[in-house]
Amino acid sequence: MIQLGIFSTLTAIRQKKQGVYLVDDDGDEVLLPNKYIPEDLKPGDKLSVFVYTDSEDRLVATTVRPKILLHEFACLRVNQVTPFGAFLDWGLEKDLFVPFKEQRVKMKEGQSHIIYLYNDEESDRLVGSARINRFLEKENISVREGEEVDLLIGKATPLGMNVIINNLYAGLIFKNEIFQNLDMGDRIKGYVKKIRPDNKIDVSLQKQGYGNIEPSADRILDYLKVNNGRLGLTDKSPAPEIMAICQMSKKSFKKAIGALYKKKLIRLEKDGIYLL
């Protein structure tokens, strides 16, 4: 059976006026419209395609990669709101439907939301949901403290930024540990800082302890190289100024310049740091 919402490798079997029909190992067929057919595709060739349903609920294949796959999270923009629900841009011709029952707040055109993609069993359609908490794993936490993880940036809160970790878990980056501009939908690397007894996960954008010295030192060296060998900061500079220029905490900054000084790569003056 051809599965919706993922990429499947199917076999081309016959050409028709509207496109090429592809078949899986069970003999189930799906149409690949003409606009997506590779020039050299021949009967018997295999092709990786994404399968979803068109506006008439017919299976259709495409070689275009959407912004979200089945059982994944992504930040999507609302294209249209109708009496039935909202339709979001997920990179395909037919927008992704998010019914009202799957909206945390009433969606408006032009807004962006973190969405989870699932297959609605009743309608056998791919549907988006902004009620993401019920799709996040809360019991079986497999990541470990200090582990590098993939992050999807969510909404800002008074405490910091909500994130989704490895497409599985909810996490939080505390406000006082954010040293760069972050926008909802950004995908970046981070590190598990702490797993609390209730399985809530604190995340950092920097390695903890001395593991953060090397990338921080490299960032300072890069700045010096493109700014005539001078950085107008010292270990006495205010933390907000260090954050604005170097995108790191004052603690990381002081450790980094200490390491660079010991390696005799920089010299420290009252008016700043100089590259040797």
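Summary of computed values
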item	result
Residues that are loosely packed, with under 10 Cβ neighbours inside 10 Å and either part of a loop (DSSP other than H, G, I, E, B) or acidic (Asp, Glu) (or both), drawn from the range 114-144	GLU121, GLU122, GLU139, ASN140, SER142, ARG144
Residues satisfying the stated conditions in the range 235-276, i.e. in contact (Cβ under 8 Å) with a residue 40 or more places away in the chain and assigned to a strand (DSSP E or B)	ILE266, GLY272, ILE273, TYR274, LEU275
Unique residue being among the small types (Gly, Ala, Ser), touching a Lys or Arg at 6+ places or on another chain (Cβ under 6 Å), crowded, with 16+ Cβ neighbours inside 10 Å and outside the structural domain of GLN103 (by TED's automatic domain parsing) when the list is GLY160, GLY185	GLY160
Matching option when the condition is of a type outside the set (Phe, Trp, Tyr), at pLDDT 95 or above, over 23 Å from ALA170 (Cα atoms) and in the same structural domain as PRO33 (by TED's automatic domain parsing), among VAL81, VAL49	VAL49
Residues (in contact with an Asp or Glu (Cβ under 9 Å, 6 or more places away or on another chain) and among the acidic types (Asp, Glu)) located in the range 1-50	none
Filter result (of a type in the set (S, T, N, Q) and not in a loop (DSSP other than H, G, I, E, B)) within the range 145-167	ASN162
Unmet requirement for ALA170, which otherwise passes all of (1) of a type in the set (Gly, Ala, Ser); (2) surrounded by 17 or more Cβ atoms within 10 Å (Cβ to Cβ); (3) under 26 Å from ILE245 (Cβ atoms)	(3)
Among the residues listed as THR82, THR63, the single one being under 23 Å from the mean Cα position of the chain (by Cα) and either surrounded by fewer than 12 Cβ atoms within 10 Å (Cβ to Cβ) or of a type in the set (Ser, Thr, Tyr) (or both)	THR63
Residues located in the range 216-238, provided they are farther than 15 Å from GLY272 by Cα and surrounded by 14 or more Cβ atoms within 10 Å (Cβ to Cβ)	SER216, ALA217, ARG219
Flag for GLY160 being closer than 18 Å to MET243 by Cβ and out of contact with any Gly (no Cβ under 7 Å at 6 or more places or on another chain)	yes
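The values are calculated or read from the model by the stated rules, or taken from the named source; none is laboratory data. Just so you know, these numbers come straight off a predicted model, no measurement behind them. With ideal geometry, Cβ positions are generated from the backbone for all residues, glycine too; neighbour counts draw on all protein chains shown.
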